[in-house]
1. If you go through the stretch 62-102 one residue at a time, how many are in a loop (DSSP other than H, G, I, E, B) and in contact (Cβ under 8 Å) with a residue 60 or more places away in the chain?
2. Out of the residues in the stretch 31-61 that are part of a loop (DSSP other than H, G, I, E, B) and among the hydroxyl-bearing types (Ser, Thr, Tyr), which is least open to solvent (accessible area, probe 1.4 Å)?
3. Across the stretch 99-115, which residue is nearest to Cys22 (Cα to Cα) among those that are surrounded by fewer than 17 Cβ atoms within 10 Å (Cβ to Cβ) and touching a strand residue (DSSP E or B) at 6+ places or on another chain (Cβ under 6 Å)?
4. Which residue out of Ile69, Ile28 is at negative phi, among the β-branched types (Val, Ile, Thr) and open to solvent by 60 Å² or more (accessible area, probe 1.4 Å)?
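The values are calculated or read from the model by the stated rules, or taken from the named source; none is laboratory data. Keep in mind that what you see is a predicted model, and the values were worked out from it rather than measured. Cβ placement follows ideal geometry from the backbone for every residue including glycine, while neighbour counts extend to all protein chains displayed. Side chains are part of the model used for accessible areas, which takes the heavy atoms of the whole protein and leaves out ligands, DNA and RNA. Shrake-Rupley method; radii C 1.70, N 1.55, O 1.52, S 1.80 Å.
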Amino acid sequence: QVQLVESGGGLVQPGGSLRLSCAAPGSIFRIYNMGWYRQVPGKQRELVAAITSGFSTTFGDFVKGRFTISRDNAKNTVYLAMNSLKPEDTAVYYCNAVVTGSAYWGRGTQVTVSS
């Protein structure tokens, strides 16, 4: 079982920035493929960004260079730095870990972009 604990969500004005963190306690974090997804009511959960154990990254088309995903294996943590936030980025953001063919999810953190 992999526990994922997200933090860093909140309310931010359009054009602002937030950094989300996801802690994944466990000595084998370095082999996890990690990702961030988001979901709004009535819509499917969508990929925001992912980073593999080898530090390769993937982003959703809507990111367009605004977000950065990174990981610190020494701290068992993955980060999502979000800049130039738009109201349409408002969603619950979920941390995801994939290891040995199994997927795990955090409980989510709310991000609201509004003036």
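1. Summing the residues that are in a loop (DSSP other than H, G, I, E, B) and in contact (Cβ under 8 Å) with a residue 60 or more places away in the chain in the stretch 62-102 gives 4.
2. In this case the residue turns out to be Tyr32.
3. So, considering only residues that are surrounded by fewer than 17 Cβ atoms within 10 Å (Cβ to Cβ) and touching a strand residue (DSSP E or B) at 6+ places or on another chain (Cβ under 6 Å), the one nearest to Cys22 (Cα to Cα) is Trp105.
4. Result of the check over Ile69, Ile28: Ile28.
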